[in-house]
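Presented below is the structure to which this report refers.
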Amino acid sequence: MAQPYLKKDDDRDDEAEYSPFMGIEKGAVLQEAKVFNDPQLDPRRCSQVITKLLYLLNQGETFTKVEATGVFFAVTKLFQSKDIGLRRMVYLIIKELSPSAEEVIIVTSSLMKDMNSKTDMYRANAIRVLCRIIDGTLLTQIERYLKQAIVDKNPVVASAALVSGIHLLQTNPEIVRRWSNEVQEAVQSRAALVQFHSLALLHQIRQNDRLAVSKLVTSLTKGTVRSPLAQCLLIRYTSQVIREAGPNTQTADRPFFDYLDGCLRHKAEMVIFEAARAITELTGVTNRELTPAITVLQLFLSSSKPVLRFAAVRTLNKVAMTHPMAVTNCNIDMESLISDQNRSIATLAITTLLKTGNESSVDRLMKQITNFMSDIADEFKIVVVEAIRTLCLKFPLKYRSLMNFLSNILREEGGFEYKKAIVDSIVILIRDIPDAKESGLFHLCEFIEDCEFTYLSTQILHFLGNEGPKTADPSKYIRYIYNRVILENATVRSSAVSTLAKFGAMVDSLKPRIFILLKRCLFDSDDEVRDRATLYLNTIGCDGSVGETDNDMKDFLFGSLDVPLANLETSLRNYELSEEPFNIDSVPKEVKSQPLAEKKAPSKKPTGLGAPPSGPTSNLDAYEKTLSSIPEFSSFGKLFKSLAPVELTEAETEYAVNVVKHIYDGHVVFQYNCTNTIPEQLLENVTVIVDASEAEDFSEASSKPLRSLPYDSPGQTFVAFEKSDGAAIGKFTNTLKFIVKEVDPTNGEAEEDGVDDEYQLEDLEVVAADYMLKVGVSNFRNAWESMDPECERVDEYGLGVRESLAEAVGAVVNILGMQPCEGTETVPSNSRSHTCLLSGVFIGNVKVLVRLSFGIDGPKQVAMKLAVRSEDQSVSDAIHEIIASG
Amino acid sequence: MANFSAYHVSCPSIKNILLLDSEGKRVAVKYYSDDWPTLNAKLAFEKSVFTKTQKTNARTEAEIAMFENNIVVYKFIQDLHFYVTGGDDENELILVTVLQGFFDAVGTLLRQNVDKREALENLNLILLCLDEIVDGGMILESDPNTIAGKVLSHSVDAAAPLSEQTISQALATAREHFTRSLLK
């Protein structure tokens, strides 16, 4: 395809900007694709058109479902041509179009024919294409051919089958596992890459069988492994076996260590490095074991190839964390790397040196570092800061230059994590090195004068309050602190008030002046600031009305709260509902270990009650029937969704109540399933009084009381709300109201007269996920593509610090209440990023698809990208709102 | 592109191969990992890689850099920038072997006239070349001569320059020009 596709006049325009694809346009190319249907195929022209289509796809152009199907069908016609080059392009485009299941059937027979062709190239490629697009059922049909292909004498064919096997193992493990005999045979192949691919597949098949992996390693480490890639694999498997064999308790050599050591003398650098790295990562590696590995890495440090230098310095950097002494031999080579053109190499060299350096080299190092701090990324800077902190603690005499360095970089631009790392470092240095205190505090004071991070400001103010009063001249800090009261947001202002109070309490000479400052705070616009000021004025006040003695007062200001915060929170929540004054002594002091049983308890039905779980089970049909039989609710239309019951009472209480939320287009019905667990009582006229003051979008429509609720026989009462369109959310407070009648236990007769009573239930929330039905799709990609891209909404969110990626994924899936597709809700352990596909139907019967892309970085900060497609733009927006407010 | 990342724990894997021009625009790219699920994510990655590397001198020896949790090895020639990306625990030398395989194979395929124009004119060869190097993240072949050989054996005449075209091909070309001018 050498000829230009341009129009004549374009050609003359700008010779330098010449491109055969200039002015290419999707519609025109799709028109051109009609040549695929010509009875007399022109292979050359067809190839060109396919190239153009591939070019468009490669540039990020997308085909609509209809277009893709059209192209796909046209392309299938090209199997008639015998032209090898054209066939090759046909294979390529089929893979790119990733056809749907129905479409796949059309090419299956052509591809199967090619799979059994005499031409090796056809066989290899047909296998790769077919394995890419078929599903499990078709796979069983071609399994026989694939097994043959694995042991094919042509290495290209064998590799194609093996690599396809590796991919298929993810989706159809039970089928691929049956091939292990053939794969085993292929491991003995003389072709280098066949050995590599078969080894990879065999290991994955046997991954969970320790013994088998160990056997595999034992036999191969003795045999011949031909390709460097296969050798690298074998090194990885060997270290896995060593790792699983447990720590090296005896002084004897580790099994297989000789093999790793031998690989250090391999002729391929790739293998040498892999082995060196594997040795440094051995658990409990000894210096004797490390030495040969460090020696080869040291040689790499002075290589002319940047990649080798990088690989070596990166590995040595890791070693320096655990075995700094082992790396000191490389220090001279490392210092010359500080001026390396490649900044990544320089950064790694510097941080390694900081870990291994000695006192005399500190000043020189700091000079070199300062020069290049400005052109490395935050993540690297944090590493440098942490390394400097460790160094400073190691050589306290050098604090002056190190502290200066820290304060300099604190003044420069940087993100939160970076600034936090610097502040933390300074705080640690102040604590551990007494001489550094004054200058350190001063640097921190300067920093909060212009600090955009509330968290850091409050932390520093707190620290200042504890340390400042103990310095020689506390008065010089007051200005910085009071400036915060004038200039900052409420959170920082209240912190500053506390800090001022601490100075006032500790330094008598400052007390009258602090008093004046605190009095000014009484006119602050924020409650918390005013409250604190009032409290402190009274505490440290000259009249001593609250703090009777000096000690009491200091205890109050500096002492820690001796109750766990979680317990305090619970107690305060209970206090809010009660009438009694709060008493901190009533807060339990023991730390609750949050037993699992406690969480499960509410869902467990009280034992001894013969009745089945209250009400019908979460079966939509049954609910629908029940609800439509109630005249008040029959006009609400079709039931959209019923949620699983939520317990509103603790286990083992007098009355057990759970609630089922029923969602309709314009209404929400709460079905309260009540059980009376007191044999001596009969409840009558049971209703639930729902306070919807925290649910503005809802107004009560009707309710259906329960006439009588005898002991141990569940009954239902309903409350219906009318709601605004879409996903209205809110919080409801529930009170069970009823008439209690005493029952005579001897004859079961109830008394005539009853007493009105109430029983407080837990709150109930209607959340956005309640409006989402979990409905899966069989082929997410196709479904996604068939949605109008116009209705796509994409945005990114920071999820803050999370325990793990899996936890973050789980949380978001929960908030949305959608159905994860294709098993994407499970996150492979150790992965740093993950994509989760969700589908569902939103209220109003709007189909919604969601693509979530998660990424996690070092300090467990999780970021998420949310792409939503739905049949209705406003629903796409609503999904974003859910996340934004969740 | 399917997600095959799960098994990469212990197997060398390639996350993407990029061939960009001197302005960072795509000539040909291929992603094997869904770390970048959307077109925008991909373009953003390409942009950040390009801007961070464009000033480096990666013309004689392959260079290396880290991006977020990835390692990128790269090499430039004329107005073409070759990149190969792998995870941050990948053996850098394996990545550079793949890069070198791609780089040298393209050199052979373009008869050492390696520049953007030549690459675009022979885009089919470049795409086939990518297809022969990595399959779904797995390294399929890394030897440049084998790769180039496999690509060329399939495309008998595709690389033939204009002057060597047969009469019928020339006619076909002319016909194409003619139809284009009609469609204009």
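Before moving on, here are some points about what is shown:
- Sparse-neighbour loop sites [trypsin sites (Lys or Arg not before Pro); the range A:107-164; at most 14 other C-beta within 10 Å; DSSP]: A:Lys118, A:Lys153
- In this structure, A:Glu632 and A:Tyr455 have a Cβ-Cβ separation that, at R0 = 56 Å, corresponds to a calculated FRET efficiency of about 0.60.
- Estimated FRET transfer efficiency (A:Ser885, A:Glu143; beta-carbon r; R0 45 Å; 0.05): 0.35
- Partner chain coverage, peptide A:865-873 - average Cβ within 10 angstrom: 1
- Neighbourhood net charge (10 Å Cβ-Cβ; Lys/Arg +1, Asp/Glu -1) for A:Asp526: -1
- For A:Gly840, the shell of other residues with beta-carbons less than 11 Å away shows a net charge of +3, using +1 for Lys and Arg and -1 for Asp and Glu.
- C-alpha center-to-center spacing [the range A:87-122, the range B:28-100] in angstrom: 31
- Neighbouring Cβ atoms from other chains, within 10 Å of the Cβ of residues in B:121-131, number 6 on average.
- Nearby aspartates and glutamates by direct alpha-carbon distance to A:Lys865 (threshold 12 angstrom, same-chain neighbours under 8 apart not counted): A:Asp795, A:Glu796, B:Asp35
- Euclidean distance of C-alpha centroids, the range A:721-759 and the range A:836-881, integer Å: 40
- Electrostatic bookkeeping for A:Thr733 treats Lys and Arg as +1 and Asp and Glu as -1; over the other residues with beta carbon under 10 Å from its beta carbon, the sum is -3.
- Heavy-atom surface of the protein assembly as shown, accessible at 1.4 Å and reported per residue (Å²): 46
- With the convex hull of its Cα atoms as the shape, the range A:20-247 has an orientation-averaged projected area of 14.8 nm².
- In this structure, A:Glu807 and A:Lys731 have a Cβ-Cβ separation that, at R0 = 35 Å, corresponds to a calculated FRET efficiency of about 0.90.
- Cα-Cα over 29 Å, subset of A:Lys65/B:Lys42; A:Lys476/A:Lys860; A:Lys470/A:Lys860; A:Lys52/B:Lys55; A:Lys367/A:Lys476: A:Lys476/A:Lys860; A:Lys470/A:Lys860; A:Lys52/B:Lys55; A:Lys367/A:Lys476
- The Cα atoms of the range A:770-885 define a convex hull whose projected area, averaged across directions, is 6.6 nm².
- From its DSSP helices (H runs of at least four residues, each -39,500 (n - 2.57)), chain A gives a residue-normalised ellipticity at 222 nm of -16000 deg cm²/dmol.
- Mean separation of Cα contacts under 8 Å, 6 or more apart, over the residue count of chain A: relative contact order %: 4
- Other protein chain C-beta atoms within 10 Å of residue C-beta, averaged over A:25-35: 1.
- With the simple spin-label model, which puts each label point 7 Å out from Cα in the Cβ direction, the A:Asn358 to A:Glu413 separation comes to 4.0 nm.
- Cross-link pairs exceeding 24 Å in C-alpha to C-alpha distance, out of A:Lys26/A:Lys847; A:Lys638/A:Lys661; A:Lys34/B:Lys116; B:Lys30/B:Lys75; A:Lys704/A:Lys741; A:Lys95/A:Lys153, comprise A:Lys26/A:Lys847; A:Lys34/B:Lys116; A:Lys95/A:Lys153.
- Centroid-to-centroid separation of the range A:416-461 and the range A:337-414 [C-alpha atoms, Å]: 18
- Summarising the amide proton neighbourhood of A:Ser804: residues at separation of 5 or more, or on other chains, whose placed amide H is nearer than 5 Å comprise an empty set.
- Packing around the peptides A:191-200, A:395-404, A:301-310, A:770-779, taken as the average count of other Cβ atoms within 10 Å per residue, puts them in this order, highest first: A:191-200, A:301-310, A:770-779, A:395-404.
- Packing rank of A:387-394, A:354-361, where each peptide gets the mean count of other beta carbons within 10 Å, highest leading: A:387-394, A:354-361
- In terms of overall dimensions, chain A has a Cα radius of gyration and Dmax of 36.1, 109 angstrom.
- Accessible area that becomes buried as B packs against A, both chains, 1.4 Å probe, Å², nearest 100: 6700
- Carbon/sulfur fraction of accessible area - the protein assembly as shown, other protein chains in place, 1.4 Å, %: 51
The values are calculated or read from the model by the stated rules, or taken from the named source; none is laboratory data. Predicted model, so just to flag it, every value in this text is computed and none were measured. Positions of Cβ are backbone-derived with ideal geometry, glycine not excepted, and every protein chain shown enters the neighbour counts. These area figures cover heavy atoms from the full protein model, side chains too; ligands, DNA and RNA do not enter into them. Shrake-Rupley method; radii C 1.70, N 1.55, O 1.52, S 1.80 Å.
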